[in-house]
Each structure stands twice: as structure tokens, then as C-alpha cells.
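Only the coordinates and a few stated rules stand behind these numbers; no lab work does. Worth saying up front: this structure is predicted, and the values here are computed from it rather than measured. Cβ placement follows ideal geometry from the backbone for every residue including glycine, while neighbour counts extend to all protein chains displayed.
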Amino acid sequence: MVTTGATKRVDFVFKNARLIDGSGMPSYIGGLAVDNDRIVAIGNVDDYYGANTHDLKGIALAPGFIDAHTHDDRALLSDPRMTSKVSQGVTTVVTGNCGISLAPLSYTGRPPAPMDLLCDEGRDYFSSFGAYLDRLDEEPAAVNALCQVGHTTLRLAAMENLDRPADEREIRAMSGVLEQALQDGAIGMSTGLAYPPAKEAPTEEIIALAKVMSSYRGLHSTHMRCESDGVMDSLAETLRIGREGEVVNSIISHHKCSGTSNFGRSRETLAFIDQARAEIKLGLDAYPYVASSTMLSMDYATEAERVVVTWSLPHPEFKGRDLDDVAAELGLTRAAAVQQLSPAGAVYFAMDEADVRRILAYPHTMIGSDGLPHDSHPHPRLWGTFPRVLGHYARDERIFSLEEAVRKMTSLTANQFGLVDRGLLRIGAFADLVVFDPAVVADAATFEHPTAPATGIQLVLVNGRVVWRDGLHSRERPGRAIRRQQLRDQLQAAQ
């Protein structure tokens with residue numbers, strides 16, 4: 001029904017919303033109108049009417065959240081509703097992190113760890129990056145996706161033995177495959193130098209590949225070689241790769257200081273990052289938890305006060321159990337239990353809360369979940385990262401304002417990755433939107449029950465279509481695979 005004075009019919013009209021525009025500026029009460037996949041009006045929307053008109057009565061309306069760090073590469077196809085993400089307001093995900101991606105690779109059998117964090121069958125890989133992106137177009141998910149090439153994936157494709165540096169011939173082969181992937185639409189390359197398949201890759205190998213990316217304005221994100229005792233050396237390596245590889249945009253993945261001997265070192269690492277930002281374009285992401293999660297390994301277990309098994313191929317019955325309890329039950333040492341359970345995954349409690357807060361509050365820190373959707377008992381960050389930042393850290397702990405929390409999830413990430421028309425509430429931007437109640441929004445996922453949807457997320461739109469409403473998925477899948485060619489120049493975006 002047309003309201004008095006309204007003359008323009010659109011798909012959605014939101015009135016009396018607390019508009020948090022993503023810029024970090026103070027929120028204000030106003031309206032917003034959406035037609036097709038774009039925002040067409042902000043502020044006064046009296047001229048607009050539509051069947052979907054919502055009086056939000058002061059509830060928050062913000063840009064959809066952008067997950068800066070995910071391992072959703074296969075989940076986009078195997079679980080395209082992406083309920084773990086849309087239920088917390090995420091509308092865009094960045095994939096291909098930590099050196100691992102589903103393409104470009106032809107492989108037979110079970111891949112080595114950590115590639116098996118994405119999938120455990122060679123048939124799930126794509127021989128070209130273009131074929132992977134085309135499949136995302138053909139079988140869209142509920143969220144948008146930005147996709148990177150993994151350095152470990154490149155190594156698997158080019159090398160028979162991964163426990164050594166690549167030779168010149170292999171680097172040329174990797175360079176050619178990387179260049180084709182960038183032409184196909186990959187946004188850049190990630191590295192996971194802490195993991196066995198890439199650990200023996202010297203800095204020079206990464207610099208050589210980075211130089212391939214420079215002419216394509218591709219970014220480099222990195223799970224650094226060390227996040228514990230050697231964290232400063234790893235930061236220096238990241239700076240060197242960015243400088244000598246002429247990388248237009250470098251991103252430190254899930255920044256942390258692991259192990260009790262490194263508690264408090266975030267003061268040192270953040271000071272280094274500040275200095276490095278004067279030399280190269282550099283960003284970072286983090287998740288709001290004191291525990292990490294990855295493959296089960298004694299290298300990580302020795303740094304952790306507590307280890308929880310997330311999955312085990314030979315012993316699936318131990319998922320969700322403490323490693324020490326499992327070891328005692330089996331009559332084994334911790335090291336022997338790790339060997340018997342592997343291949344497996346785990347959660348590691350190895351960070352200091354003060355460091356987590358300091359890193360989250362750093363102005364240039366984006367929010368990334370680093371969730372592992374194929375774990376049978378995943379870390380709760382997969383379902384709870386974004387509402388935890390909004391509820392626990394912004395509202396309850398007040399380490400930053402609600403507006404700053406939203407900025408870290410939206411425009412900061414959009415600018416870092418060069419996303420066009422996303423991450424801000426403005427006329428002409430894509431209608432990726434989330435409606436949430438700031439008073440009650442909270443993460444419900446716990447380490448004991450990690451797959452519970454958040455509370456307080458009322459409505460989520462992706463490209464102008466509802467994907468989540470009042471605790472239920474709409475079954476809509478309007479997400480898009482966003483290619484490198486659709487991004488702003490990375491050098492400009494990172495400034």
C-alpha cells in the first residue's frame with residue numbers, strides 16, 4: 001500500500017534505523033531504501049515505498065560484514081547456504097588463505113596437511129583457477145567471495161618433494177601457473193610458511209613469486225613462518241617480501257603472539273607493524289579468541305596450555321575431547337597420542353587475553369574468523385567471530401565503540417582488498433546489509449558447543465536479497481565470485 005507522499009516503489013525500505021555506515025563515524029537515526037542490488041536512498045526515505053518496509057525502531061543497520069580470513073574455499077560449493085557466516089551477518093568472505101586453495105591443482109588421493117583442512121579428496125580440486133571461479137558462478141553461494149591462490153597449492157602442483165627449496169625450473173612453473181590464475185581472477189597469493197609443505201621454501205622463493213604478482217597488482221597474505229618465539233623475525237621476513245617483491249599490498253594473517261613466553265609481545269609486534277607501514281602497504285587481521293585452530297601437531301601442542309581435538313581420521317570418536325584426556329585414556333604420551341590420532345585437527349589455547357585485546361584494538365586490524373568449516377567439532381570462531389566482537393568486545397568490554405567495531409568488519413576490509421561499492425552505507429553501493437540489535441547481539445558458539453548461531457542478528461541481505469531472517473535461512477544464494485579485475489587498484493586501496 002502506498003503511504004502518503006511516497007511515489008517511488010523499491011524492493012526494501014528501512015525506517016527509523018540506527019545507521020552505522022561503516023566509516024567509523026557516529027551512528028544516527030535515519031532511513032535506507034534498496035532497489036534490485038543497490039542502495040538507492042539514505043536518510044530521508046519518505047518518497048519510497050515497497051512491500052518490504054521495516055520500521056527498525058532504532059535497531060542497527062550496517063553494511064554486511066566482510067570476513068577477511070576464511071577457509072571457505074570448498075564450503076562455498078559443498079554448503080552453499082553458508083549458514084555459519086550469514087547467521088552472524090557476514091556477506092563476503094576472503095578465501096585461499098594460509099597458502100592453501102582448491103585451485104589450481106590436479107591431485108590424486110588424500111592431500112598432505114594442511115591441505116586436508118579444505119578437503120580430503122583429490123577430486124575436489126580444480127585444475128585451473130578459472131574453472132573454480134566459473135563453478136562459483138554456476139553454483140552460487142549465499143555470500144560473495146574473493147579468492148586467493150595458495151603458495152602450498154602451487155608447490156604441490158610443481159614439485160615432487162616438498163621438503164626442500166624449489167629450484168629455478170620449479171619456480172618458473174609456479175610463476176606461470178600463478179600468472180594464469182591472476183589473469184583468471186585470483187586476487188593474489190597467500191603463503192603458509194609455518195606448515196610442512198612450505199616450511200622449506202626460502203624467502204627468495206616467495207619474493208620470486210611476489211614479483212610475478214606485482215604487475216597484476218595482486219596482494220600477498222601470509223600465515224607467517226612463526227607466530228611464537230620467532231614472531232619478530234617473521235615480521236621482518238614479511239616486510240622483506242613486500243619490499244623486494246614489490247608487493248602492492250601485504251596482509252599479516254591472524255596476528256598473534258603464541259606461547260606463554262611471548263605473552264605481552266604484541267606491544268613489540270604492533271610497533272614494528274607501525275614502522276613497516278611507512279615502507280610497504282601492510283594490513284593485518286585477527287579473531288577475538290585466545291585459542292587458535294589448525295592441524296594437530298606437536299609443534300603447536302607444546303606451546304599450548306590446553307589442546308582440544310577437532311577431528312581425527314583414524315579416531316573420529318575423540319572429536320571435542322581434550323588431548324591430554326585422550327592420551328591418558330589410551331595410555332600414551334601426548335606426543336604418541338598426536339601420532340596415533342593424525343591426520344587430525346585441534347584447538348590450541350596458547351594466547352594471552354591482553355594481547356588479543358591489544359591487537360583487536362589496533363586501528364588497522366581487520367576482523368577475520370579463520371574458521372575451518374570441514375572440522376567435525378570446529379573452533380567456535382566459525383560461527384561466533386563477528387557477534388563476539390560486537391557484543392563482548394565492543395558493548396561489554398568497551399575496547400572500542402560499536403561504530404569502530406563495524407568499521408573493522410566493513411570499510412577497513414573493503415579498502416584493504418580493493419572492493420568496489422561494498423563496506424559502506426552509501427547511495428549506489430551494493431545492498432549487502434545486516435540488521436542487528438546492539439543490546440543483545442552475542443556469540444552463542446562455545447568450545448563445547450561450537451555450531452550455535454549468534455543471537456541478535458535479525459536480517460541479512462546479500463546483493464539486495466534476503467539470506468537470513470529471524471533465525472532462519474531464506475535458501476537464497478545471491479553471492480558472487482568477485483574477480484581481481486573488479487577490484488580497485490590495490491596500491492590505491494591500501495592507502
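Straight-line reach only, C-alpha to C-alpha below 26 angstrom: list the lysines that residue 211 could link to, leaving out same-chain residues fewer than 8 apart.
Straight-line reach from residue 211, under 26 Å: 199, 281.
Straight-line reach from residue 8: which lysines have a Cα under 28 Å away, not including same-chain ones fewer than 8 places off?
Straight-line reach from residue 8, under 28 Å: 57.
Over the range 347-436, what relative contact order in percent results from Cα pairs under 8 Å that are six or more residues apart?
Values: 65 pairs, mean separation 17.3, N = 90.
Answer for the range 347-436 is 19 percent.
Evaluate the charge dipole of the range 1-105 about its Cα centre and quote only its size in Debye, nearest 20, assuming +1 on the Cβ of each Lys and Arg and -1 on the Cβ of each Asp and Glu.
160
Rounded, prolate or oblate: pick one for the range 159-203, where a ≥ b ≥ c are the square roots of the eigenvalues of its C-alpha gyration tensor, a/c under 1.5 means rounded, and failing that, prolate if a/b is larger than b/c, else oblate.
On the way: a/c = 2.72, a/b = 1.49, b/c = 1.83.
The shape class here is oblate.
Given a Förster distance of 22 Å, report the FRET efficiency between residue 398 and residue 277 from their Cβ-Cβ distance, rounded to the nearest 0.05.
Numbers: r = 26 Å, r/R0 = 1.19.
About 0.25, to the nearest 0.05.
With an 8 Å cut-off on Cα pairs and a minimum separation of 6 or more residues, tell me the relative contact order of the chain in percent.
On the way: 1290 pairs, mean separation 99.6, N = 495.
Averaging sequence separation for qualifying contacts and normalising by length gives 20 percent for the chain.
Where nothing but the Cβ of Lys and Arg (+1) and of Asp and Glu (-1) is charged, how large is the charge dipole of the range 278-320 around its Cα centre, in debye to the nearest 20? Present the calculation step by step, with values, prior to reporting the outcome.
Working: 3 positive and 6 negative charges, 29 e Å.
Value, rounded to 20: 140 debye.
Send over the per residue convex hull volume for the chain, Cα only, as a whole number of Å³.
On the way: hull volume 63.7 nm³, N = 495.
That works out to 129 Å³ per residue.
Could the peptides 207-220, 248-261 be put in order, highest first, of the mean number of other beta-carbon atoms found within 10 Å of their residues?
Details: 207-220: 21.1, 248-261: 22.8.
My ranking of the peptides, most packed first, is 248-261, 207-220.
Which residue, 272, 190, 178, has the largest displacement toward the positive end of the dipole of the range 146-284 when charges sit on each Cβ (Lys, Arg +1; Asp, Glu -1)?
272
If you count, for each residue, the other Cβ atoms within 10 Å and average over each peptide, how do 430-436, 441-447 line up from highest to lowest?
Result, highest mean first: 430-436, 441-447.
With +1 on the Cβ of every Lys and Arg and -1 on the Cβ of every Asp and Glu, and nothing else charged, how large is the dipole of the chain about its Cα centre, in debye rounded to the nearest 20? Please list the in-between numbers first.
Details: 49 positive and 64 negative charges, 261 e Å.
So the dipole magnitude of the chain works out to roughly 1260 debye.
Starting from the eigenvalues of the Cα gyration tensor, five times each then square-rooted, give me the equivalent ellipsoid semi-axes of the range 1-104, largest first, whole Å.
With the √(5λ) rule applied to the range 1-104, the semi-axes are 34, 16, 11 Å.
Given the options 45, 19, 32, identify the residue whose Cα lies farthest towards the positive end of the charge dipole of the range 10-51 (+1 on Cβ of Lys, Arg; -1 on Cβ of Asp, Glu).
Farthest towards the positive pole: 19.
At 222 nm, what value in deg cm²/dmol follows for the chain if DSSP H runs of at least 4 each add -39500 (n - 2.57) and the sum is divided by all its residues, to the nearest 500? Show your work: numbers first, answer last.
Values: 17 runs with 140 residues, N = 495.
Helices in the chain give a 222 nm mean residue ellipticity of -7500 deg cm²/dmol.
Restricting to DSSP loop positions (anything but H, G, I, E, B) with no more than 16 other Cβ atoms inside 10 Å of their own Cβ, which trypsin sites (Lys or Arg not before Pro) remain in the range 372-446? Working shown, then result.
On the way: sites: 381, 388, 395, 398, 407, 408, 422, 426; in loops: 398, 422, 426.
Qualifying residues, ordered by number: 398, 426.
I need the peptides 461-470, 183-192, 264-273, 158-167 ranked by packing, meaning the mean over residues of other C-beta atoms within 10 angstrom, with the highest value on top.
Highest mean packing first, the order is 183-192, 461-470, 264-273, 158-167.
For the range 337-399, what is the Kirkwood hydrodynamic radius in Å, using each pair of distinct C-alpha atoms? Walk me through the intermediate numbers first.
Working: mean 1/r = 0.0730 Å⁻¹.
With all distinct Cα pairs of the range 337-399 included, I get 13.7 Å.
How big is the Kirkwood radius of the range 366-436, worked out from every pair of different alpha carbons and given in Å to one decimal?
Values: mean 1/r = 0.0743 Å⁻¹.
After inverting the pairwise mean of 1/r, the radius is 13.5 Å.
In whole Å, largest first, what are the principal axis extents of the Cα atoms in the range 48-106?
Cα spread of the range 48-106 along its principal axes, largest to smallest: 52, 20, 20 Å.
Please work out how much length the chain gains when fully extended from residue 475 to residue 313, using 0.36 nm per residue of separation minus the C-alpha to C-alpha distance, in nm with one decimal. Write down the numbers at each step before the final one.
Details: separation 162, 0.36 × 162 = 58.32 nm, distance 3.14 nm.
Contour length minus the Cα-Cα distance gives 55.2 nm.
Across bins of 5 angstrom width beginning at 0, how are the C-alpha pair distances of the range 94-190 distributed, in whole percent?
3, 14, 25, 26, 20, 8, 2, 1, 0
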